[in-house]
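Here's the structure, in structure tokens; my notes come after.
The values are calculated or read from the model by the stated rules, or taken from the named source; none is laboratory data. As the structure is a computational prediction, the values presented were derived from the model and not from experiment. Note that we place each Cβ from the backbone using ideal geometry, even for glycine, and neighbour counts take in every protein chain shown. In case anyone asks, the SASA skips ligands and DNA or RNA and just uses the protein heavy atoms, side chains included. Shrake-Rupley method; radii C 1.70, N 1.55, O 1.52, S 1.80 Å.
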Amino acid sequence: MSDDALPEPDRIPGAPHPREADRVFGHDAEAAEFLAGHASGRLHHGWLLTGPRGVGKATLAWAMARFLLATPQADDDGLFGAPPAPDTLHVAPDHPVARRVRALSDPGVFLLRRGGAGTSERDREKAVQEGRFSDMIRVDEVRKLRGYLALSATDGGRRVVIVDDADALNTQAANAILKMLEEPPARTTMLLISHQPAGLLPTIRSRCRTLRLSPLGADDMARALDQAGAEIAPGDAPAFAELSAGSVGAAMRLAALDGLTLYRELVTVLAGAPAPDRAHLMALADSCAGRGREERLDLVLTLLDLLAARIARTGVTGVGPALDLAPDEGVVLRRLAPDPAAARRWAQAVAETGARARHARAVNVDAAALVTDLLLGLSRAA
């Protein structure tokens with residue numbers, strides 16, 4: 001079993017851990033492909049779950065783990081006979097397996113993730129106190145997995161290994177995982193999560209069945225946010241799906257930082273370009289300054305990029321956005337970028353302000369001054 005004494009690097013701040021989600025939304029086709037493999041009695045030993053961050057890869061992996069541990073499957077010896085063919089991965093929340101998985105206490109599942117910095121107990125305790133983690137999964141952690149598999153092999157039960165995420169494997173750890181995929185332990189299924197599969201060893205990719213998860217639509221986003229306990233206004237789910245590019249993780253961050261309101265404030269400021277509303281501009285800039293507001297500043301920069309992209313796209317296509325994320329946003333965007341020439345000006349302004357932002361952050365420029373400069377620079381594109 002994995003060590004759950006450390007803080008959890010695979011949990012989105014303010015959100016439940018993916019293993020605590022009862023349902024998977026938006027990935028029925030991927031679930032059906034896995035269920036078909038299970039029903040065949042020849043389930044592949046390695047599965048690679050890919051897609052953008054936050055779309056539900058880990059949630060699906062944990063649902064697959066619960067299903068495997070709670071559902072018998074025929075093996076080569078016919079121990080269980082012909083298994084039923086379930087049409088869902090869902091396992092009731094009060095099922096013993098579901099309860100144990102939530103508590104990270106099921107002996108059949110091993111979670112491989114980044115550990116605390118350092119190797120001594122003293123260093124590990126310090127890592128817990130400071131919330132620090134290694135930025136990669138090291139080969140020592142894979143050795144723990146190898147020991148777990150050796151010790152648990154005698155009980156004959158099914159085992160599930162979740163690697164969250166495989167992108168964090170260092171070279172030695174990746175080679176150790178590859179060895180396990182090449183010589184898979186009996187009755188063991190490995191579920192690897194990857195945000196950037198192109199960076200993995202080609203041999204790892206070739207030894208896994210790949211499930212490619214897509215961003216969530218508005219309806220699935222609404223259900224996923226409700227399950228995660230996000231507090232959003234009724235009817236705002238489509239806007240969150242658009243702003244987050246279909247990522248529940250990004251949407252949870254937006255909800256926690258009141259990102260939709262922040263985006264609307266940015267639209268209000270730029271609506272007056274080339275002479276933006278100074279009062280709104282200064283208030284917005286000041287709200288990003290000071291200790292503890294680094295996340296808000298990061299979000300402002302992200303939303304500014306998104307807004308500028310929507311403005312430029314409007315100029316190129318001549319059509320406003322399909323969904324207004326702020327009152328009269330389409331009208332504002334068409335005025336700011338009425339034609340392709342205006343779109344090119346906005347694209348150039350984005351490139352210039354982005355370069356200034358990177359430089360300013362590198363030399364620790366005051367956040368309020370940075371936001372003011374960026375907004376004024378973008379306004380000149382109008």
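The table for this structure:
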{"quantity": "Search result, residues across segment 269-294 that are open to solvent by 70 Å² or more (accessible area, probe 1.4 Å) and in contact with a Lys or Arg (Cβ under 9 Å, 6 or more places away or on another chain)", "calculated": "Pro274"}
{"quantity": "Test: residue in segment 94-113 that is open to solvent by 50 Å² or more (accessible area, probe 1.4 Å), at pLDDT 90 or above and hydrophobic (A, V, I, L, M, F, W, C)", "calculated": "yes"}
{"quantity": "Residues located in segment 145-163, provided they are modelled with pLDDT of 90 or more and open to solvent by 10 Å² or more (accessible area, probe 1.4 Å)", "calculated": "Arg159"}
{"quantity": "In segment 199-223, the residues that are open to solvent by 80 Å² or more (accessible area, probe 1.4 Å), at pLDDT 95 or above and farther than 21 Å from Gly37 by Cα", "calculated": "Pro202"}
{"quantity": "Failed criterion for Ile12 (all others in (1) open to solvent by 20 Å² or more (accessible area, probe 1.4 Å); (2) in a loop (DSSP other than H, G, I, E, B); (3) at pLDDT 90 or above hold)", "calculated": "(3)"}
{"quantity": "Enumeration of residues in segment 245-268 that are open to solvent by 60 Å² or more (accessible area, probe 1.4 Å) and either without any contact (Cβ under 8 Å) to a residue 60 or more places away in the chain or charged (D, E, K, R) (or both)", "calculated": "Arg253, Asp258, Arg264, Glu265, Thr268"}
{"quantity": "Index of the failed condition, Asp167 passing every other in (1) out of contact with any strand residue (DSSP E or B) (no Cβ under 6 Å at 6 or more places or on another chain); (2) in a helix (DSSP H, G or I); (3) under 17 Å from Leu112 (Cβ atoms); (4) open to solvent by 40 Å² or more (accessible area, probe 1.4 Å)", "calculated": "(1)"}
{"quantity": "Arg334 in contact (Cβ under 8 Å) with a residue 12 or more places away in the chain and among the charged types (D, E, K, R)", "calculated": "yes"}
{"quantity": "Conditions (1) in contact with a Gly (Cβ under 9 Å, 6 or more places away or on another chain); (2) crowded, with 20+ Cβ neighbours inside 10 Å; (3) at pLDDT 90 or above; number of the one not met by Glu242", "calculated": "(1)"}
{"quantity": "Residues of segment 36-55 satisfying the condition of being open to solvent by 20 Å² or more (accessible area, probe 1.4 Å), touching a residue at least 12 places away in the same chain (Cβ under 8 Å) and of a type in the set (Gly, Ala, Ser)", "calculated": "Ala39, Gly41, Gly54"}
